[in-house]
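Reviewing the structure listed below.
Every number here is computed from the coordinates shown, using simple stated rules; none is lab data. This structure is a prediction, so every number in the text was calculated from the model and none was measured. Every residue, glycine as well, gets a Cβ built from its backbone with ideal geometry; the counts of neighbours run over all protein chains shown.
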Amino acid sequence: MDISYHDVLLVGGGGAGLRAAIAVAETNPNLSAAVVSKVYPMRSHTVSAEGGAAGVIRPGDTLDDHAYDTISGGDWLCDQDAVEIFVKEAPEELLRLEHWGCPWSRDSDGRVAVRAFGGMKNMRTWFAADKTGFHLLHTLFQTTFKYKSVTRYDEWFVTRLLVDEGRVQGVVALQLMSGRIQAITAKSVILCTGGCGRVFPFTTNASIKTGDGMALAFQAGVPLKDMEFVQYHPTGLPFTGILITEAARSEGGYLINKDGYRYLQDYNLGTPTPQPVLRNMELGPRDRLSQAFVKEVEKGRTTDTPYGPVVHLDLRRLGEKVINTRLPFVRELCLKYENIDPIKELIPVRPVIHYMMGGVHTDNDGATPLAGLYAAGEVACVSINGANRLGSNSLPELLVFGARAGKAAALAAMEQKPPSERVVSQALDEKLRLEQQFLRKTGGRERIATIRSEMHKAMENGAGIYRNQTSLQKAADKLRELRERFREVSLDDHSLTFNTELLAALEQSFMLDVGSAIVESALHRVESRGAHQRTDFPARDDRNFLAHTLIFNNSDGSTRVKPAPVVITRWPPAERVYGVQSEVKQTAAR
Amino acid sequence: MTETRQPARYTEYHPRWYRSRVSTWWWLAQWPYLKFILREISSVFVAWFVVVLLLQIRALSRGSEAYAAFERWLQNPLIVLLNMITLFFVVFHAVTWFNVAPRAMAIRFRGKRVPDFWIVGANYAAWAAVSLVLAWFLVRS
Amino acid sequence: MAETISLEVFRYSPERDAEPSFQRYDVPLRKDWVVLDALNYIKDKVDGSLTFRWSCRMGICGSCGMMVNGEPKLTCATFLSNYAREQGPLRVQPLRYFPVIRDLVVEITDFMTKLQSVKPWLIRGKEKPISEGEYLQTPEQLDRYKQFSMCINCVLCYSACPVYGLDPVFIGPAAIALAQRYNMDSRDEGAHERMDILAQHEGIWGCTFVGECTKVCPKHVDPAGAIQQYKLTATIERFKSFLMPRGAK
Ligand SMILES: Cc1cc2nc3c(=O)[nH]c(=O)nc-3n(C[C@H](O)[C@H](O)[C@H](O)COP(=O)(O)OP(=O)(O)OC[C@H]3O[C@@H](n4cnc5c(N)ncnc54)[C@H](O)[C@@H]3O)c2cc1C
Ligand code: SF4
Ligand code: FES
């Protein structure tokens, strides 16, 4: 078996992984850093983020404001010490990216421009037209070329973590192109594998977002945190799930039901104003907007389409000029994928799964409870997102905690001795498993696509925008059944070369683990908070549930849940208010 | 820096790539490709034009007798044909270049990019003007 | 479901096949289906071994480039219905001029190496400390390189470029456009460093302006324009260093 040695291993080449790689190289250029990614890094899903990245730079805006917006947006489930670190370091990280060449949009005086964003009290969202994630990722990727100590394993798929003597020693990975399976060892490993939107049927997430890192950590005994909090984005295009960025609303788009009525006013989200007002109506937080949609469906005030009920986003009033200069990508997406021109027509939208607040349990340096293992980015839960992430907080999160984890992992690696011999035999076992379970097996009865679509149905029906004991229990049972049936999967493809079906199978097994973690955590939390809304327990219950949910994988495949305290520093829990009741400055968005 | 001078590099370990052969007639598949090949071929004619020019200078330096002989040679129908083809290619190059000009020179005026049409137009206008002046000289002499 | 459309898909397995072949599939013809949806339909329902790359299905990750009826296309942005009225089946092939790994997947390490060789990152003589804030850049200055910064590395332009097809030593459209993206950036000071690489014969001078790269580019990057611009710059620089052998650099 081939084996390669590095000091720090980054699993994932998205925003978090690349930022961490640079941090490792800058901490100590003599350390060998390796980025392992199942797609070429610049194809990672960070590329599709549109709206922007939040960081305080304008006079009048304060770190405390940003912290407060984040914490109240997260329904007080955020760790406030983490949030304070985050808001302080976010502007520095965004500036660093500027120094690396990121083409941030500018004001006429040459300064970086900022825009308003949902749930943010002041304008603090940096953007690069409406392709922020794309520019951020390509800038980071091209910048990594500079660092000679960064090696890349492009199109390598990590199938398992190597753990020995109580610490992580590397991973087993499969090179897609050749089918080679080998151990890549390292003294520290950082998981940066992104989210898990593909567990649900209807999502803005790319096909690669299958929660691999969460499952890898979970299987290695590391707890996942707050997995019940899954964010819906209120405005996705039906069928494709393509996201229409929040910016469309902060520029002044209206959400209307089938009667042309701005229905958000019926759901405690403020009163309609002609110009957008921060934290009011269409600029309320995502969870509340998505929940309002479900209520509209129940009232029969939505429009039916072949892809289910929709409401409409009205941009027509903004006019051609604003749309073309401020929202060109939105127009391009509508034209190219739905054949709709937002200058003249209404855009059909519905809530779609967008972001995973939960993830691998880490501290403020990205360290997990398992020695040598770190996590950063969407895969991790620090937690700064609490029960609901604010739009444009995720990109800076990748940068801030990617950099912190990279630095911490580098420093730790310098103290560590080389990997133990035993990991080689572990890697051989894994190779054998892959061959026996998939590559050489014939005659199984199940198709991956069938299991996938049944999982999708179970997740959407059981753990959607609104959940309850019965729906969740049904989903849990179904997932258990699917995990049984997964053993009967057999592949059409037994080739070693670029076997995408094998990949789909591995991802499917990861998704079943992640799906179960979501459902089990949701069963445990018998209250409603942020993105987790239980119809059987509609109120927030701070006495019993102002706490994180940690879920562990037992060796027999069952799970156990344990609460962990939330860190409160300066902002005691209060009610989340949006719209005119909130003491918001009535500044128009622009 | 010669990093790119090596042939294309690919990853080891793979059993076998498939490399499609480029057909001998690939350049007939699309008009832009045909134009590309024509431009490549045109180098022969451009070279020919240089030869003619050199011959002309040589004839000039050897006196009026030699020049008259050179002029007679030029009237040979074969040479005329060759020169006509050459003229065609030179014009073809000029047109190509004029059309490329706006892409090569992103000229800005008051912060906005000058529309392609104007740059192309200016080139043609300059060409016409120079041709007129030349024609005027020829007619006059 | 009445209407269907036939696809003729390129198949090649390096372990099994001596030569590639085409396989025919009938898939439902839906108005909002793109070529990639058809391929996914085949993979899910008919033949799980069909191999291709994709990820975002929104034209931004750059993975899903293929030849569709002989033209390089992003398959997630190419509607099936555009081909419904054409004679014969829709032909889907791997991107041209790259070695084929398997089926519709091509080997692009060559492109990655070339991209890296043109130093596509911001080069500064002196870095400004973060505490001093951003480098100022006006919207006009941004506008100068913006277009070239839109490249998603989908390599469609390489498949359109006969110069690359005939001699893969050519650095090629996207890499040159990205070099130019940094050259034109008001914050960058690395143009001279990049010149050494670009001004080689395999750099810009390999290009004889076919212009197809610009036509197929799904992001309107205009790599052909970038190359021509750079030719002009390189010539002027050459001239300058010729006139003032020492002063030019
Ligand atoms: C449509 C859309 C729009 C968004 N807009 C915004 C926005 O405007 N502002 C904002 O702040 N946030 C936004 N987000 C959220 C944000 O983009 C993501 O949370 C973030 O990009 C995640 O980055 P990441 O680095 O954690 O993971 P990713 O970018 O998803 O990268 C994951 C990496 O891990 C690799 N990987 C995964 N599994 C494996 C494996 N098994 N083996 C090897 N490698 C593996 C992948 O190849 C990839 O390189 C948006 C998200 C979406 C979907
Ligand atoms: S220049 Fe255009 S065609 Fe070429 S790789 Fe970039 S986006 Fe693709
Ligand atoms: S799938 Fe991402 S560009 Fe087509």
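Please list log₁₀ I(q)/I(0) at q = 0.13 Å⁻¹ for region A:235-353, using the Debye equation with identical point scatterers on the alpha-carbon positions.
Log-scaled intensity ratios, in q order: -0.45.
Please find, in a Gaussian network model of chain C (springs between Cα atoms separated by less than 10 Å), the residue of C:Phe111, C:Phe22, C:Phe98 whose mean-square fluctuation is greatest.
C:Phe22
Restricting the count to DSSP beta bridges whose residues both fall in chain A, what percent are antiparallel, rounded to a multiple of 5?
65
Quantify how strongly other chains surround peptide C:119-131 by giving the mean number of their Cβ atoms within 10 Å of each of its Cβ atoms.
Mean partner-chain Cβ count within 10 Å for C:119-131: 4.
In the neighborhood of B:Arg103, defined by Cβ-to-Cβ distances under 10 Å, what is the net charge if each Lys or Arg adds +1 and each Asp or Glu adds -1?
Result for the local shell: -2.
Report the rotationally averaged projected area of the protein assembly as shown based on its alpha-carbon convex hull, in square nanometres.
Average projection, Cα convex hull of the protein assembly as shown: 44.8 nm².
Just the projected area, averaged over all directions, of the convex hull on the alpha carbon atoms of region C:109-243: how many nm²?
So the mean shadow area of the Cα hull is 9.0 nm².
Could you work out the local net charge near A:Gln469, counting Lys and Arg as +1, Asp and Glu as -1, over the other residues with Cβ closer than 12 Å to its Cβ? Walk me through the numbers before you get to the answer.
Details: positive: A:Arg467, A:Lys474, A:Arg525, A:Arg534; negative: A:Asp536.
That sum, taken over residues with Cβ under 12 Å, equals +3.
So if the hydrodynamic radius of region C:4-106 is defined as the Kirkwood radius over C-alpha pairs, what does Stokes-Einstein give as its diffusion coefficient at 4 °C and 1.567 mPa s, in µm² per second?
Stokes-Einstein gives a translational diffusion coefficient of 95 µm²/s.
In region A:318-389, if every C-alpha pair distance is counted and binned at 5 Å from zero, what percent goes to each bin?
All Cα pairs considered, the percentages come to 3, 14, 16, 12, 7, 9, 11, 11, 9, 5, 2, 0.
Using the 2.2 N^0.38 Å rule of thumb for compact globular proteins, work out how region C:27-76 stacks up: its C-alpha Rg over that value, please.
My calculation over the Cα atoms of region C:27-76 gives 1.11.
Out of all Cα-Cα pairs in chain C, roughly what percent, to the nearest whole number, are more than 31 Å apart?
Within chain C, distances greater than 31 Å cover 35 percent of Cα pairs.
May I ask you to work out the translational diffusion coefficient for region A:94-226 at 25 °C, viscosity 0.890 mPa s, via Stokes-Einstein with Rh from the Kirkwood sum over Cα pairs, reported in whole µm²/s?
Value of D from the Cα-based Kirkwood radius: 135 µm²/s.
Please give every one of the lysines within straight-line cross-link reach of A:Lys474, meaning a C-alpha to C-alpha distance under 19 Å, and leave out same-chain neighbours fewer than 8 residues apart.
Hits, sequence-local ones excluded: A:Lys457.
Given Cα positions, please report Rg to Rh for region A:428-565, the hydrodynamic radius being the Kirkwood one.
Details: Rg = 17.7 Å, Rh = 16.6 Å.
A ratio of 1.07.
Give me A:Cys102, C:Cys161 sorted ascending by neighbouring Cβ count inside 10 Å, so fewest comes first. Intermediate results must be reported in sequence, preceding the final value.
On the way: A:Cys102 25, C:Cys161 28.
Sorted ascending by nearby Cβ count, the order is A:Cys102, C:Cys161.
How large is log10 of I(q)/I(0) for region A:229-285 at q = 0.29, 0.30 Å⁻¹ when the intensity is taken from the Debye formula with one equal scatterer per alpha-carbon?
Normalising to I(0) and taking log10 leaves -1.30, -1.32.
Under the definition of partner shielding as Cβ atoms of other protein chains within 10 Å of a residue Cβ, what is the mean value for peptide A:442-451? Intermediate values should be presented prior to the final figure.
Details: counts 0, 0, 0, 0, 0, 3, 3, 6, 1, 0.
The per-residue average across the peptide is 1.
Once label points are set 7 Å from the Cα along Cα→Cβ at both B:Trp48 and B:Asn76, what is their separation, rounded to one decimal in nm?
1.2
Between the DSSP loop rule and a limit of at most 14 other Cβ atoms within 10 Å, which chymotrypsin sites (Phe, Trp or Tyr not before Pro) in region B:16-79 are left?
B:Trp25
If each DSSP helix of 4+ residues adds -39,500 (n - 2.57) and the sum is divided by the residues in chain A, what number results at 222 nm, nearest 500 deg cm²/dmol?
-10500 deg cm²/dmol
Cut-off under 13 Å on the C-alpha distance; same-chain residues fewer than 8 positions from C:Lys31 excluded. Which aspartates and glutamates are left, in chain and number order?
A:Glu338, C:Glu3
If you take every residue apart from C:Leu232 with its C-beta less than 14 Å away from the C-beta of C:Leu232, what net charge results, scoring Lys and Arg +1 and Asp and Glu -1?
Around C:Leu232, the surrounding residues sum to +3.
Please work out whether region B:27-140 counts as rounded, prolate or oblate from its C-alpha gyration tensor, where a ≥ b ≥ c are the square roots of the eigenvalues and a/c under 1.5 means rounded, while otherwise a/b larger than b/c means prolate and anything else oblate? Let's see the in-between values first.
Values: a/c = 3.08, a/b = 1.62, b/c = 1.90.
Oblate.
From Cα coordinates alone, what are the radius of gyration and Dmax values for region A:46-97 in angstrom?
Spelled out, the Cα radius of gyration and Dmax of region A:46-97 are 11.8, 31 Å.
When you look at the Cβ of every residue in B:97-106, what mean number of other chain Cβ atoms sits within 10 Å?
Counting other chains' Cβ atoms within 10 Å and averaging over B:97-106 gives 5.
What list of ³J(HN,Hα) values in whole Hz, one per residue of region A:416-423 in order, does the Karplus curve 6.51 cos²θ - 1.76 cosθ + 1.60 (θ = phi - 60°) give from phi, with Gly and Pro shown as x?
Running phi through 6.51 cos²θ - 1.76 cosθ + 1.60 with θ = phi - 60° gives 9, 8, x, x, 6, 5, 4, 5 Hz.
Within straight cross-link reach of B:Lys112, meaning Cα distance under 22 Å, which lysines are found once same-chain residues fewer than 8 apart are removed?
Qualifying lysines at Cα under 22 Å: A:Lys321, C:Lys146, C:Lys219.
From the cross-link list A:Lys146/C:Lys114; A:Lys148/C:Lys126; A:Lys38/A:Lys88; A:Lys258/A:Lys344, which pairs have alpha carbons spaced over 23 Å apart?
A:Lys38/A:Lys88
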